[in-house]
Amino acid sequence: MRLTKLEHAALVVEDSGDKLYIDPGSYTTPITESSGAVAVVITHEHPDHWTPEQLSRIVEANPGVRIFGPAGVAAAAAAFPVETVAAGDEVEVGPFRLRFFGGRHAVIHPSVPIIDNVGVLVNDSLYFAGDSFTVPDGVEVDVLAVHANAPWMKISEAMDYVVAIAPKRAFPTHEMLLSRVGKSTANVRLKWATEQGGGEYLPLEPGDTIDF
């Protein structure tokens, strides 16, 4: 399988010509070349993780694509055939086995409502927790997408999260609000955390790929 990092929290995984998109949102360049998409996972309803425009382009190019998200996503994206998933669910679509974890978005502030959120584990290898630090218990994570920045986190929390999971490889995501200096600083800290478990940190930029 090949993973391509897109801007912000968006990812695309390819296997034998089939594609899985994760969180194509408002901070991601419009996705216009999605032929072969068999599934889209939307971890939660915030617009930096999905927009009707991004999803419409993928659906128009791939009429049979399946869309997965928690109940909050199904309500927000009612115009689309979202299949509701929750922590503990498992789905197989094309070459992709999807397992879901978590259930709630991290707290931004007491004044901001907490919404549904799921983490997704792809083929027992790639893990992205959506907007949370949910650890997938009992899973040896090969590739971890870890937040470099978010309104609900400190970099120390992201570091502790990486240490707790001890992935073989990790790369940054959710960093479009950071300057170049901010990205570099986060990369230094997340690299240290990844290496504590013997893993390798990959400072991927949008368009970069890794095979797993």
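The values are calculated or read from the model by the stated rules, or taken from the named source; none is laboratory data. All values reported here derive from a predicted model rather than from experimental measurement. Cβ: placed from backbone, ideal geometry, glycine included. Neighbour counts: every protein chain shown. Just the protein is used for accessible areas: all its heavy atoms, side chains included, with ligands, DNA and RNA removed. Shrake-Rupley method; radii C 1.70, N 1.55, O 1.52, S 1.80 Å.
In the stretch 197-212, what residues are surrounded by 13 or more Cβ atoms within 10 Å (Cβ to Cβ) and over 19 Å from SER125 (Cβ atoms)? PRO203, PRO206 - these are the residues of the stretch 197-212 that are surrounded by 13 or more Cβ atoms within 10 Å (Cβ to Cβ) and over 19 Å from SER125 (Cβ atoms).
Going through the stretch 121-143 one residue at a time, which ones are in contact (Cβ under 8 Å) with a residue 40 or more places away in the chain, in a strand (DSSP E or B) and either open to solvent by 10 Å² or more (accessible area, probe 1.4 Å) or of a type outside the set (Ser, Thr, Tyr) (or both)? Listed by number, the residues that qualify are VAL122, LEU126, PHE128, VAL143. For the stretch 59-84, filtering for residues that are surrounded by fewer than 18 Cβ atoms within 10 Å (Cβ to Cβ) and outside any helix (DSSP H, G or I) leaves 7.
Is it fair to say ILE31 is closer than 23 Å to PHE100 by Cβ, part of a helix (DSSP H, G or I) and in contact (Cβ under 8 Å) with a residue 24 or more places away in the chain? Here the answer is no, as ILE31 does not meet what is asked.
Filtered by the rule that a residue be open to solvent by 10 Å² or more (accessible area, probe 1.4 Å) and either among the charged types (D, E, K, R) or in a helix (DSSP H, G or I) (or both), the stretch 144-160 gives LYS154, ILE155, SER156, GLU157, MET159, ASP160. Please pick out the residue among LEU20, LEU55 that is over 22 Å from LEU178 (Cα atoms) and touching a residue at least 60 places away in the same chain (Cβ under 8 Å). Sole residue among the options that is over 22 Å from LEU178 (Cα atoms) and touching a residue at least 60 places away in the same chain (Cβ under 8 Å): LEU20. Restricting attention to the stretch 41-58 and to residues that are of a type in the set (Asp, Glu) and open to solvent by 30 Å² or more (accessible area, probe 1.4 Å), the residue that is farthest from HIS105 (Cα to Cα) turns out to be GLU53.
Inclusion of ILE108 among residues that are free of Cβ contacts under 8 Å to residues at least 40 places away in the same chain, in a loop (DSSP other than H, G, I, E, B), under 19 Å from TRP50 (Cα atoms) and open to solvent by 30 Å² or more (accessible area, probe 1.4 Å) is not warranted.
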